[in-house]
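Trainee: If you scroll down you'll find the structure; I have some questions about it.
The values are calculated or read from the model by the stated rules, or taken from the named source; none is laboratory data. Everything quoted here is computed from the prediction, not taken from an experiment. Side chains are part of the model used for accessible areas, which takes the heavy atoms of the whole protein and leaves out ligands, DNA and RNA. Shrake-Rupley method; radii C 1.70, N 1.55, O 1.52, S 1.80 Å.
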Amino acid sequence: GWALTGQAADVDISAMAIYALAPHRNQPAISQALDRAVNTLSQIQASNGGWQSWGLANSQSISQVIVALTSLNIDPLTDSRFVVNGNNPITALLSYFVQEGGFRHTPNGSVNAMATEQASMALVAYQRFVNGHAALFDMSDANEEGELVVPGTNQARLSWWLPQESILPSAGTTFNAILQTDNFPEGDYRLFNGVIDIPQELS
């Protein structure tokens, strides 16, 4: 793993280093270091499925590990290396959730802004993992998309998706936007009338 100071592996720093290096794991030396770091995170995991940093059990450490594992395509819910006494990082993180909204920093604390931010980040990372999307900080599958529910209809919906790779930074580029309609009653419609904002660095 990686240390913040000294020679002892720190869970947060190790997790951050893992997802920073994950895009380069095809390099043998980096792959070996990542394997060792993942094994270390498994070894220092607590019996409740979470982790401690500086001797304190906290939700942020769990969040960082979830982001790290999903960046390596490791399922934090089911991978046997991270299931302890029936607990895993996902259930451990959710144990910090406060019903009124938000996450605690410590098991008995109140809602904490940083804990909530990092827990949200981790849950999005896991959602992207289970849906087969790119890792949290991998923007290779970014696209422009949206959905409109048409008022006064039986939940008629118009969805659109614009693949990012189809947009080229050159004048005169043409591309296809994908439109999908659901539950539209029969009739004639102008389905789409939109404006595309061009970034300032493009002419």
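Trainee: Can you give the extra length, in nm with one decimal, that the chain gains between Asn131 and Leu4 once fully stretched, where that is 0.36 nm per residue apart less the Cα-Cα distance?
Mentor: On the way: separation 127, 0.36 × 127 = 45.72 nm, distance 3.31 nm.
Gain in length upon complete extension: 42.4 nm.
Trainee: Ignoring ligands, DNA and RNA, how do Asp12, Asp138 rank by accessible area with a 1.4 Å probe, largest first?
Mentor: Ranking Asp12, Asp138 by accessible area, largest first, yields Asp138, Asp12.
Trainee: Order Leu34, Leu123 by their accessible area, 1.4 angstrom probe, all chains in place, largest first.
Mentor: Numbers: Leu34 5, Leu123 60 Å².
From most accessible down to least: Leu123, Leu34.
Trainee: If the chain between Ser140 and Gln27 were fully stretched, how many nm would it gain, using 0.36 nm times the residue separation less the Cα-Cα distance? Intermediate results must be reported in sequence, preceding the final value.
Mentor: Values: separation 113, 0.36 × 113 = 40.68 nm, distance 1.99 nm.
The Ser140-Gln27 span can extend by a further 38.7 nm.
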